[in-house]
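Engineer: For reference, the structure I am asking about is given below.
The values are calculated or read from the model by the stated rules, or taken from the named source; none is laboratory data. These numbers were taken from a predicted model, which means no experiment stands behind them. Here the Cβ positions follow ideal geometry from the backbone for every residue, glycine too, while neighbour counts run over all protein chains shown. Please note that ligands, DNA and RNA were not included when accessible areas were found on the heavy atoms of the full protein model with its side chains. Shrake-Rupley method; radii C 1.70, N 1.55, O 1.52, S 1.80 Å.
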Amino acid sequence: MASPVRILTAVPICDGHDSAINTINLEFIRHGIEVVYLGFHRYVGDIVRAAIQEDVVAIGISSYNGGHVEFFADVVRQLKKKGADDITVFGGGGGTITHDDAREMKRKGVDQIFFAGTSLTDMAEYVRKNYGKRSKARAKSKDDLALARKLTEIEDSFVQGRKRPTPNAQRPTPNGKIRNTKVIGFTGPGGAGKTTLIDELVLRFLERKPKMRIAILSHDPSVIGEGALLGDRATMINSQDDRVFMRSMATRGQAGGLSPATEGCLALLARSGFDYVIIETVGTGQEALPFRNKLVDQTVLVMNPDYGARLQLQKIVMLDVADIVVVNKTDLERAKAALSEIEQRLTQNKRKQEIVATVAKRHRDPGVDELFELITR
């Protein structure tokens, strides 16, 4: 079985039209394509950085706001400058991009422009047929480009049912540490705000630790027998920085919130000079213990106040093992009662656990400051 086709989609700066690209993303997923969605209002540098770190085979740009000839061409130029000119660029813009524009864009290195009236199925089949074969390893790649390709090799080694990483992907040591890298695992139910919380923590790392580098392994579920929408980058604002390396991973059928290749990818990142590696799981339920094999140094469980009746807390096994429990969205009405109930639940464990109240969507939230201090002390 071949590896899934992996592409990145994005909308340019000054363009807030994301309805079309979201519809197209869904069709790509139905055709077995893994889509890393970067979101809208994105600069060329953001798109190129993300495409390289994610090691995609192609970039799809949806442009409805004009300026497309130069924008697409600049993406092609910057990919070439970074040594990643084997990443193909394609896109569309309904009736905004004319046939004359398309011819000019192709002369500037754009592979394909889809016009109004092209069916979603035809787009998906074109991507599968033309971008299905990965290029050979880049001989002169370096830095993020080389690291991204090695991560892909580890991930692809599981495609045919192999249960071990490639020989170069050593396991972490039992306590999760390799050299001086600290590994922090974030888990919790979908919608609790894990991604926003991590992005706010990254802002504090960048501001307060000016020499540190951070890596993020972010997980999203695969649609059974189909593709995956890897969408965490779309809500990452502060993490669009050259000191942050982010890789999105699909679960590819594995239960529990992580990918079959997570352990091998983590080992590689921990050997690659990052000071912190943050792992974010898929939104998990009551039964999940994603870090049971001690992949991490510290486990953070993120919850929101609306978990239901108090009895539900007795069923959440992560409350027994988390080092830090974050109750996010504490601006909601039920927050005070939830904090009290969760605190009482943690006292049953008879070990030291921290509980932190945050509103991650609120810039400069003091609760996120407290969490940052707990993680870095």
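Engineer: Tell me, please, whether a residue that is touching a helix residue (DSSP H, G or I) at 6+ places or on another chain (Cβ under 6 Å) and open to solvent by 60 Å² or more (accessible area, probe 1.4 Å) can be found in region 302-310.
Structural biologist: Yes, there is a match, as at least one residue in region 302-310 is touching a helix residue (DSSP H, G or I) at 6+ places or on another chain (Cβ under 6 Å) and open to solvent by 60 Å² or more (accessible area, probe 1.4 Å).
Engineer: Suppose we keep only residues that are open to solvent by 10 Å² or more (accessible area, probe 1.4 Å) and out of contact with any strand residue (DSSP E or B) (no Cβ under 7 Å at 6 or more places or on another chain) within region 311-330. Which one would you say is farthest from Gly283 (Cα to Cα)?
Structural biologist: Leu311
Engineer: For a quick check of your reading of the model, give me the residue pairs whose first member lies in region 351-377 and is closer than 16 Å to Val325 by Cβ, whose second is open to solvent by 100 Å² or more (accessible area, probe 1.4 Å) and assigned to a loop (DSSP other than H, G, I, E, B), with beta-carbon atoms closer than 9 Å and at least 6 apart or on different chains.
Structural biologist: Going by the 9 Å Cβ cut-off, the qualifying pairs are Val368/Arg362.
So that you can scan it fast, the table gives a plain yes or no per residue for (1) at pLDDT 95 or above; (2) under 22 Å from the mean Cα position of the chain (by Cα); (3) not basic (Lys, Arg):
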residue: Ile33; (1), (2), (3): yes, yes, yes
residue: Tyr43; (1), (2), (3): yes, yes, yes
residue: Ile47; (1), (2), (3): yes, yes, yes
residue: Glu54; (1), (2), (3): yes, yes, yes
residue: Val69; (1), (2), (3): yes, no, yes
residue: Asp74; (1), (2), (3): yes, no, yes
residue: Lys81; (1), (2), (3): yes, no, no
residue: Asp85; (1), (2), (3): no, no, yes
residue: Gly94; (1), (2), (3): no, no, yes
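Engineer: Answer yes or no: is there a residue in region 29-45 that is free of Cβ contacts under 8 Å to residues at least 60 places away in the same chain, touching a helix residue (DSSP H, G or I) at 6+ places or on another chain (Cβ under 6 Å) and open to solvent by less than 10 Å² (accessible area, probe 1.4 Å).
Structural biologist: No - not one qualifying residue is present in region 29-45.
Engineer: Let me ask another. Does Ala50 fit the bill of being open to solvent by 20 Å² or more (accessible area, probe 1.4 Å) and either in a strand (DSSP E or B) or in contact (Cβ under 8 Å) with a residue 24 or more places away in the chain (or both)?
Structural biologist: No, not satisfied.
Engineer: Right, another one. Does Phe114 satisfy the criteria of being under 25 Å from the mean Cα position of the chain (by Cα) and in contact (Cβ under 8 Å) with a residue 24 or more places away in the chain?
Structural biologist: No, not satisfied.
Engineer: Among the residues of region 187-233, what is the count of those that are in a loop (DSSP other than H, G, I, E, B) and touching a helix residue (DSSP H, G or I) at 6+ places or on another chain (Cβ under 7 Å)?
Structural biologist: 5
Engineer: Checking Glu226 against (1) of a type outside the set (Ser, Thr, Tyr); (2) under 23 Å from His31 (Cα atoms); (3) within 16 Å of the chain's Cα centre (by Cα), which single condition isn't satisfied?
Structural biologist: Result: Glu226 passes all but (3).
Engineer: What's the total number of residues in region 331-356 that are of a type in the set (Gly, Ala, Ser) and open to solvent by less than 40 Å² (accessible area, probe 1.4 Å)?
Structural biologist: If we filter region 331-356 for residues that are of a type in the set (Gly, Ala, Ser), which is where we start, we get 335, 337-338, 340.
Keeping just the survivors that are open to solvent by less than 40 Å² (accessible area, probe 1.4 Å) gives 335, 338.
Residues flagged as of a type in the set (Gly, Ala, Ser) and open to solvent by less than 40 Å² (accessible area, probe 1.4 Å) within region 331-356 amount to 2.
Engineer: Closer than 21 Å to Ala360 by Cα and open to solvent by less than 10 Å² (accessible area, probe 1.4 Å) - does that describe any residue in region 254-274?
Structural biologist: Within region 254-274, not a single residue is closer than 21 Å to Ala360 by Cα and open to solvent by less than 10 Å² (accessible area, probe 1.4 Å).
Engineer: How many residues does region 53-86 contain that are open to solvent by less than 10 Å² (accessible area, probe 1.4 Å) and either assigned to a loop (DSSP other than H, G, I, E, B) or among the charged types (D, E, K, R) (or both)?
Structural biologist: Within region 53-86, residues that are open to solvent by less than 10 Å² (accessible area, probe 1.4 Å) and either assigned to a loop (DSSP other than H, G, I, E, B) or among the charged types (D, E, K, R) (or both) number 5.
Yes/no matrix, rows are residues, columns are (1) open to solvent by 10 Å² or more (accessible area, probe 1.4 Å); (2) modelled with pLDDT of 95 or more; (3) within 28 Å of Val11 (Cβ to Cβ):
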position	(1), (2), (3)
Pro172	yes, no, no
Gly176	no, no, no
Gly191	yes, no, yes
Leu201	no, yes, yes
Pro221	yes, no, yes
Glu226	yes, no, yes
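Engineer: Let me ask you something else. Tell me the residue from Val368, Val325, Val356, Val321 that is in contact with a Ser or Thr (Cβ under 7 Å, 6 or more places away or on another chain), of a type outside the set (Asp, Glu) and at pLDDT 95 or above, please.
Structural biologist: Result: Val368 is the single residue among Val368, Val325, Val356, Val321 that is in contact with a Ser or Thr (Cβ under 7 Å, 6 or more places away or on another chain), of a type outside the set (Asp, Glu) and at pLDDT 95 or above.
Engineer: Quick check on region 117-154: of everything there that is in contact with a Lys or Arg (Cβ under 8 Å, 6 or more places away or on another chain) and charged (D, E, K, R), which residue is modelled with the lowest pLDDT?
Structural biologist: Checked region 117-154; the qualifying residue modelled with the lowest pLDDT is Arg138.
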